[in-house]
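Beneath this line is the structure, given in structure tokens, with notes to follow.
All of the numbers you see were taken from the coordinates with simple rules; none came from a lab. In this text, all values refer to a predicted model and were calculated from it rather than measured experimentally. Glycine also receives a Cβ, built like all others from the backbone with ideal geometry; neighbour counts cover every protein chain displayed.
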Amino acid sequence: MRGIYITANDRFLDLSIALLNSIRHYDQETPITLIPYDENVQEVADYLSKHYQVKLYSDLDTIQRISDQALKIFGDSFFARPNQFRKQVCWFGDYDEFLYIDTDIVVFDKIIDQLDAFDKHDFLCLDYQHSGGIKNVFSPTIFEEGVLSEEDVNGIFNGGWWAGKKGLFDEADLYDVFAECAAHPSYFDFSQKTSDQPIINYMILTRLKPEQRFNLVHQGDGLPGSWAGSSQFLPTGDGALLDPNHGNKRLHYLHWAGIRITPGCPYWDIWKHYRYLNSSVVPPDSELVPKVSLAQRVRKWLKK
């Protein structure tokens, strides 16, 4: 049984709508499960259930247990966003084969079909994070101490899109990895306040053999990119993008990792297209600019 997991709360309703509109535009059948990012999830859960047949992750006790253990092992100052570790319940959910997708993504095809590569591998990713080296994931220390080899850099992936098989890890495996990482913070690059990405990379690269994991961009002569920070993508005319750096191939998805999705951001028209794909009224950009609260203005002033 295959399915898709996402994680969100009420604050990310708009992002969730855009993602789900894109998924359901190409795929009406694949089951989708929402992992609550925190307790503020009632609005997004109700909306996604009503419009996209998204169900809430049923074992809330496991989510809480993993959250509690992560906090106990790492403490409350190790990460900027510790709740991101809740996505690790993907390993214990309903789907034998699953795809995890961040909500700052839209897809351009029946994305679940990428899991066909599971006939040869146990873990999949689909991005060019590795082309940037170890930035935002590891520090040189992890190689200097022999924990990973230089060849392992090619296995680095982005934590916003990855796929695995149920039971590949159990809870004890997660906590062992958490403990190892907490004991060696010098292994990681947290300069951009990333949270789970370095840790899940550590888990996959240290626990799985190279033949078990595969980056799908290495198929054939290479697949197109996916990061919205890449400026070369061209519109297809039907709500998708092409990558001229890879033979004008159609992107499988676009990810605004590290980019705030707001009018004027890269590929804003693509995101807005999917956010209002099924809406009778599309608001002007001037109404979609996030309002800056007084507290946010004060923090910005103090930072300056």
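Observations on the structure shown:
- Protection proxy ranking of 22-30, 1-9, 278-286 - average other beta-carbon atoms within 10 Å, highest first: 1-9, 22-30, 278-286
- Phi-based couplings in Hz for segment 100-116 (Karplus 6.51, -1.76, 1.60; Gly and Pro marked x): 9, 9, 5, 7, 8, 10, 10, 10, 10, 6, 6, 5, 5, 5, 5, 6, 4
- Full-extension gain in nm, Ser231 to Phe190, via 0.36 nm per residue minus C-alpha separation: 12.2 nm
- Local electrostatic count, Gly222, Cβ distance below 13 Å [Lys/Arg +1, Asp/Glu -1]: -2
- Derived scalar couplings between HN and Hα for segment 85-98 equal 5, 4, 4, 5, 5, 3, 5, 10, x, 7, 9, 5, 10, 9 Hz in order, rounded to whole Hz, by the Karplus curve 6.51 cos²θ - 1.76 cosθ + 1.60 (θ = phi - 60°), x for Gly and Pro.
- Against the set (i) 21.9; (ii) 20.2; (iii) 19.3, the structure's computed Kirkwood radius over Cα pairs in Å falls on (ii).
- Order of Cys181, Cys90, Cys265 - criterion: other Cβ atoms within 10 Å of each residue's Cβ, fewest first: Cys265, Cys181, Cys90
- As a rough guide to protection, the peptides 104-116, 65-77 ranked by mean Cβ packing within 10 Å, highest first, stand as 104-116, 65-77.
- Averaging the sequence gap over all C-alpha pairs within less than 8 Å and six or more residues apart, then dividing by the number of residues, gives segment 183-247 a relative contact order of 18 percent.
- Efficiency of FRET from Cβ geometry, Ala117 and Glu144, R₀ 30 Å, rounded to 0.05: 0.35
- Pairs exceeding a 26 Å alpha-carbon distance, out of Lys50/Lys120; Lys50/Lys72; Lys55/Lys166; Lys55/Lys249: Lys50/Lys120; Lys50/Lys72; Lys55/Lys249.
- Spin-label proximity, Asp94 to segment 3-45 - amide N less than 11 Å from point 7 Å beyond Cα toward beta carbon: 3-4, 31-34
- Estimated FRET transfer efficiency when R0 is 30 angstrom, pair Asn40-Tyr175 (beta carbons, to 0.05): 0.70
- When the GluC sites (Glu not before Pro) in segment 151-242 are filtered for DSSP coil states and for at most 10 other beta-carbon atoms within 10 Å of their beta-carbon, no site remains.
- FRET E, pair Trp301, Asp61, Förster distance 51 Å, beta-carbon r, rounded to 0.05: 0.75
- Distance from the alpha carbon centroid of segment 55-109 to that of segment 220-240 works out to 28 angstrom.
- Burial ordering of Trp162, Trp268, fewest other beta-carbon atoms within 10 Å first: Trp268, Trp162
- Distances between placed amide hydrogens fall under 5 Å for Leu56 paired with Leu34, all partners being 5 or more residues away or on another chain.
- Interchain or long-range residues, amide H under 5 Å from Ile4's placed H: Ile32, Thr33, Leu99
- Using C-alpha pairs below 8 Å separated by at least 6 residues, the relative contact order for segment 2-287 is 21 percent.
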